[in-house]
Amino acid sequence: MTNAGATRVAFWPNVKFLLAGIFFGILLVKAEVISWFRIQEMFRLQSFHMYGVIGSAVVTGMVSLWLIRILKIRTLDGEEVVVRPKKFTWGNVYGGLLFGLGWALTGACPGPLFAQIGTGAVVVIVTLLSAIAGTWCYGLIRDKLPH
Amino acid sequence: MDFLLEILSRPWPWYVAGPLIGLTVPLLLLLGNKPFGISSNLRHVCAACIPARIPFFQYDWRKESWNLFFAGGIFIGGILAGTLLRNPEPVQMNPALTAELASYGVQDTSHLMPVELFNFHALLTLRGFILMIAGGFLVGFGTRYAGGCTSGHAIMGISSLQWPSVVATCCFMAGGFIMANLVLPYILRLL
């Protein structure tokens, strides 16, 4: 019995993304970008560390995408690499500001929440549940918000 | 081997960790044309567990299940880095911040998170409620409203030269500056 039209979640095809996540999670912890202390330093301009991490990540991403484009590198399955364009909405501004406020309070963006819990900060599960509640409330009142 | 482990256990400098984080962008694209981003997982969890007939959560989240595996991996990566590669030293930070935090009674820097602020008992205090519950809510609400988080906008979006992501990233930073400098000092004085 399956839901009509619903895709099944297969484990094996997704293992590579699990491994990519492990790689990324280790990086987040070892770069200390999941540390509340480092986030406070960043927002008080007391350290270059976070700016160095994010800045060099962006430059690396940019160069990689440029190489993928000019060398016409394809995915593992031989597909053309596609990056979907993002459309501007005023949500980028209002939502961005709200997220920034939350980032400075929790010391975490969504990725780091998972990594923080992994390092043993078990109470962050509460923060994660609250973030899920926040997304749910956004979905609930989405039509009434300016975009 | 022990020598290698010791080096890996220290905090990694930005010029090592940053480029490796940036490589996650081509890695996910080449593994399966997936855009780097994590906050969408919060939406997928809503769609999977509590859709409640809200149109925003009516979609086939199973098609995006790679993202949940990626998040699961981040959790496992956190466990590995926090045990096998754990840094035994306290977090090194700017002395001005150490002094400021000490004035609020935050002195334990043995973990990446300040244990005096983030613990189950603190959830029952106004300060802990604001930091963890209100803060978490803002992260979840704000990222979805903004259409992405630090990974989706700041890294994936700017890497692919999308100006809406530059706008979003500037707003993330503005919100953070306002909170950390103008509001947080008052919150940390609460008990």
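The values are calculated or read from the model by the stated rules, or taken from the named source; none is laboratory data. Source: prediction; values computed, not measured. Quick reminder, even Gly has a Cβ in these numbers, built from the backbone with ideal geometry, and neighbours come from all protein chains shown. These accessible areas exclude ligands, DNA and RNA; they are computed on the full protein's heavy atoms, side chains included. Shrake-Rupley method; radii C 1.70, N 1.55, O 1.52, S 1.80 Å.
Checked against (1) more than 7 Å from chain B (Cβ to nearest Cβ); (2) open to solvent by less than 40 Å² (accessible area, probe 1.4 Å); (3) under 26 Å from residue B:28 (Cα atoms); (4) part of a helix (DSSP H, G or I), residue A:25 meets all criteria but (1). Would you check which residues across the stretch B:1-49 are small (Gly, Ala, Ser) and under 21 Å from residue B:144 (Cα atoms) and list them? Passing the criteria: B:37, B:39, B:40, B:47, B:48.
Could you tell me how many of the residues in the stretch B:1-29 are hydroxyl-bearing (Ser, Thr, Tyr), in contact with a helix residue (DSSP H, G or I) (Cβ under 8 Å, 6 or more places away or on another chain) and touching a residue at least 12 places away in the same chain (Cβ under 8 Å)?
The total comes to 1.
The condition of being more than 25 Å from residue A:48 (Cβ to Cβ) and either touching a Leu at 6+ places or on another chain (Cβ under 7 Å) or of a type in the set (Gly, Ala, Ser) (or both) holds for only one of B:54, B:76, B:50, that being B:54.
Quick one: is residue B:97 farther than 30 Å from residue A:89 by Cβ, within 7 Å of chain A (Cβ to nearest Cβ) and more than 19 Å from the chain's Cα centre (by Cα)? Considered against the rule, which asks whether it is farther than 30 Å from residue A:89 by Cβ, within 7 Å of chain A (Cβ to nearest Cβ) and more than 19 Å from the chain's Cα centre (by Cα), residue B:97 comes out as yes. So is residue B:160 more than 19 Å from residue B:97 (Cβ to Cβ), within 19 Å of the chain's Cα centre (by Cα) and of a type outside the set (Asp, Glu) or not? No: the conditions fail for residue B:160. Consider residue B:42 carefully, then state whether it is farther than 24 Å from residue A:26 by Cα, open to solvent by less than 10 Å² (accessible area, probe 1.4 Å) and within 22 Å of the chain's Cα centre (by Cα). Judged against the criteria, residue B:42 is not a match. Checked against (1) open to solvent by less than 60 Å² (accessible area, probe 1.4 Å); (2) under 16 Å from the mean Cα position of the chain (by Cα); (3) without any contact (Cβ under 8 Å) to a residue 60 or more places away in the chain; (4) at the interface with chain A (Cβ under 7 Å from one of its Cβ atoms), residue B:151 meets all criteria but (3). Among the residues of this structure, residue A:107 does not count as one that is touching a Cys at 6+ places or on another chain (Cβ under 8 Å), modelled with pLDDT of 95 or more and under 30 Å from residue B:181 (Cβ atoms). Give the number of residues within the stretch B:111-148 that are open to solvent by 10 Å² or more (accessible area, probe 1.4 Å), assigned to a helix (DSSP H, G or I) and closer than 24 Å to residue A:140 by Cα. Result for the stretch B:111-148: 9. Scoring residue B:87 on the criteria (1) modelled with pLDDT of 95 or more; (2) open to solvent by less than 40 Å² (accessible area, probe 1.4 Å) leaves a single failure, condition (1). Of the residues making up the stretch B:45-86, those that are more than 7 Å from chain A (Cβ to nearest Cβ) and farther than 30 Å from residue A:69 by Cα are B:47, B:48, B:49, B:51, B:52, B:53, B:55, B:58, B:59, B:83, B:84, B:86.
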